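The values are calculated or read from the model by the stated rules, or taken from the named source; none is laboratory data. Worth saying up front: this structure is predicted, and the values here are computed from it rather than measured. With ideal geometry, Cβ positions are generated from the backbone for all residues, glycine too; neighbour counts draw on all protein chains shown. Side chains included, ligands, DNA and RNA excluded: accessible areas come from the protein's heavy atoms. Shrake-Rupley method; radii C 1.70, N 1.55, O 1.52, S 1.80 Å.
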Amino acid sequence: MARRGLKDLGGFGQACIVLVLCLAGVAVGLFVWGDDDGGGSGSGSASASASATVPPDGASVGGGSGVPVPDPTVTEGLELPVEVTAPQPAYFNGDDAKLKAALPPAPGSDATVTAKVLHELQEDTLRLAGVPGRMTASCNGGQVPNKAGESTGCTIVYEGVEVTWAVVIQSVGFGSVSYQTLQPETGVLVDTGVQGAFWVMYHDKSDELRCDVMPHVSVTRLDRYSGFECQYLDRTRTPARWVNVPVVLRQFGVRFS
């Protein structure tokens, strides 16, 4: 019946019907495709938007590289307990006038060789300590030998810690004695002297300095690792890193190596 009806319409009528059906199909397609691509409410576009704005864990917001953003509050290493936030006023810092002011009065020109030697050894002991302290001084047998080639030990007691120096007589003659003092095996290590030296040597490198808890005064071998450390915070790295340096007592005071 439908086939006979189309034949009855003739060629022009059939063409009109085909055109109407095609236009209707195009309209339906535009409606469906426009809803998907226009992103008004389609689920596909909502999913794409979410994935663009929510970065993966640890990634930088804004997409891009997805490289982890370091936390500026995180540091590598463990911090030591004692903060060093300012200079130590008592620290000599190579100031000979300040050091000599902490010594007993210098012996006169007519003083005995023993008195001169002991005064010199107290000065040398203060250089080790780096800060003033109570001292007593004595030599074995009560005095320095008065004969070339002989030697003796003289002991400086700094705040209860003994530092023994060997004194070698080189020559004697015409009312004068030439002698040499040898570096002791052990010296006196003072916590405020260590902190004072560390501030001077490292405060330009870092704004955060720390040291181990130390006895106020202790004995340590010269030119050896003392068993104590100080540290500075290296901010040139990300994350920042605590850098530890060993405390070493040298003949002229505390050093860090």
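Pull out the extension gain between H216 and F174, defined as 0.36 nm times the separation in residues minus the alpha carbon to alpha carbon distance; nm, one decimal.
Extra length available between H216 and F174 comes to 10.6 nm.
Mean projection of the alpha-carbon convex hull of segment 125-227 over all orientations, in nm²?
Quarter of the Cα hull surface area: 8.5 nm².
Which peptide among 243-256, 200-213 comes first, and what is the full order, when sorted by highest mean count of other Cβ atoms within 10 Å?
Top to bottom by mean Cβ count within 10 Å: 243-256, 200-213.
Largest first and to the nearest Å, give the Cα extent of segment 158-203 along each principal axis.
Result, largest extent first: 51, 24, 17 Å.
At 0.36 nm per residue, and after removing the present C-alpha to C-alpha distance, how many nm does the segment from V243 to K205 gain when stretched out fully?
This chain segment gains 12.6 nm when fully extended.
Find how much the distance from T85 to E159 grows on full extension, using 0.36 nm per residue of separation minus their present alpha carbon separation; answer in nm with one decimal.
24.1 nm
Give the calculated FRET efficiency between A97 and T236 to the nearest 0.05, with a Förster radius of 45 Å applied to their Cβ-Cβ distance.
Once rounded, the FRET efficiency stands at 0.75.
Could you state the orientation-averaged shadow area of the convex hull built on the Cα atoms of segment 185-245, in nm² to one decimal?
The Cα convex hull of segment 185-245, projected and averaged over all directions, gives 4.4 nm².
For D223, D234, write out the residues from largest to smallest accessible area, computed with a 1.4 angstrom probe and no ligands counted.
Descending accessible area places them as D223, D234.
Could you please report the charge total around V144, scoring K, R as +1 and D, E as -1 over all other residues with beta-carbon less than 12 angstrom from its beta-carbon?
0
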